[in-house]
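Scroll down for the structure; my scribbles are underneath it.
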Amino acid sequence: MPTTEQHLIQQLDQLVSTPSVSSTDPGWDQGNRAVIDLLASWLTDMGFSTEIQPVNAGGSKANLIATRGSGPGGLVLSGHTDTVPYDEGGWQSNPLGLTQRDNRLYGLGSTDMKGFFPVAMAAAAAFNDVDLQQPLIVLATADEESSMNGARALAAAGYPKARAAIIGEPTSLVPVRMHKGIMMEAVHISGQSGHSSNPSLGNSALDGMHAVMGDLVAFRAEMAARYSNPLFEVAYPTLNLGCIHGGDSPNRICGQSELHFDLRMTPAGDNAEVREDIRTRLAEIGNARGLSIEMRSLIQDVSPFEQDAHSELVSLAETLTGHDAIAVAFATEAVCLQLWVLETSVMVPGSIDQAHQPDEFMPLDQIQPAIKLLEQFIRHYCL
């Protein structure tokens, strides 16, 4: 009979070998239903009741809600089943297969975050012969890497209701209680094209964009002063001017220009309020220059997340791990779970530094500590 670790590795190999890329690029985008069905079969065998929630019309993308026990309260162990696209040429081994070397498990999604599910199931298995006093819920979501539509669908349906939730994003077993939000916006300027020899014949969209970019840089400095938080490694909101397009010829006054930017807000700020601040500033520039300036969202934004430092979950996580809870720059599904779960934290094995790049891996020496850690959370919230 295989050991717990051997069984976990076998399960992770099956998960990694089942492709589930999610992407805004249709050429890459795949469903996750095969991964969901695999997890559902394992959890059913463990005595969980399982519900599969379709996320898209065809059902190729879905969430899994697996529950053992009943009643109010309890604990949610949540993870996403999708991965980012991959560059196979950059890998030393097959990304769609688990490879063990150097005390590491290599494979696409091994740490972000298919590896969380075998760890969570191994922890739950320690209580197979125990009557849970409050429910243990395992969530598996779709499309976290592209749209978070899976977590949004759960929240819209009123799932899950529980006392606490742990999201298994890779944090090297250090609890996370705070992360920044994400906005990705487009600014489009319509001017008037004309012959470059006479500026009065047109109204340059690129000149207008120069003013817009200068104002966004000034706004970035204002946000840094207003919304700074020393818990973050980068203590202030970031605003990155990512790409710009405009014009068609050096001898024509530019009639159209578009800028795309990324803004990552700390929990002190509100995405909607910041967006309105920017719209107001853009309108002033447009009115002053006689230009039409429009702003639209490129993605559905993710709000900043914060769990109170003195909450039961954070205090317990700090005690069990021996680490103070930290803040991170990457976003998670925590803001969706917070709608229905009293307290939420992010942690388990692996490092975000290995995510989204070739040769992603899960360190073997973090697996057993992660299982023991989750066992203690289950014991606290479900017994």
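The values are calculated or read from the model by the stated rules, or taken from the named source; none is laboratory data. What you see is a predicted model, and the numbers here were worked out from it, not measured in a lab. Neighbour counts run over all protein chains shown; Cβ positions are idealised from the backbone, glycine included.
Of note:
- Residues considered: Val348, Val341, Val314. Of these, the only one that is at pLDDT 90 or above and crowded, with 20+ Cβ neighbours inside 10 Å is Val314.
- Some residue of the stretch 87-96 being out of contact with any helix residue (DSSP H, G or I) (no Cβ under 8 Å at 6 or more places or on another chain) and under 22 Å from Glu333 (Cβ atoms): no
- Residues of the stretch 238-285 that turn out to be among the acidic types (Asp, Glu), outside any strand (DSSP E or B) and over 30 Å from Asn198 (Cβ atoms), as a count: 4
- Condition check for Gln366: touching a residue at least 40 places away in the same chain (Cβ under 8 Å), farther than 14 Å from Gly168 by Cβ, out of contact with any helix residue (DSSP H, G or I) (no Cβ under 8 Å at 6 or more places or on another chain) and not charged (D, E, K, R): no
- For the stretch 207-228, the tally of residues that are under 18 Å from Gly191 (Cβ atoms), of a type outside the set (A, V, I, L, M) and in contact with an Asp or Glu (Cβ under 9 Å, 6 or more places away or on another chain) stands at 1.
- Within the stretch 1-116, strands (runs of 3 or more DSSP E) holding 2 or more residues that are touching a residue at least 24 places away in the same chain (Cβ under 8 Å) and over 29 Å from Asp365 (Cβ atoms): 62-68
- Of the residues making up the stretch 48-102, those that are within 21 Å of Phe116 (Cα to Cα) and of a type in the set (Asp, Glu) are Glu51, Asp82, Asp102.
- Just one of the numbered conditions (1) in contact with a Leu (Cβ under 7 Å, 6 or more places away or on another chain); (2) more than 30 Å from Gly246 (Cβ to Cβ) is not true of Asp324: (1).
- Test: residue in the stretch 200-217 that is within 28 Å of the chain's Cα centre (by Cα) and free of Cβ contacts under 8 Å to residues at least 40 places away in the same chain: yes
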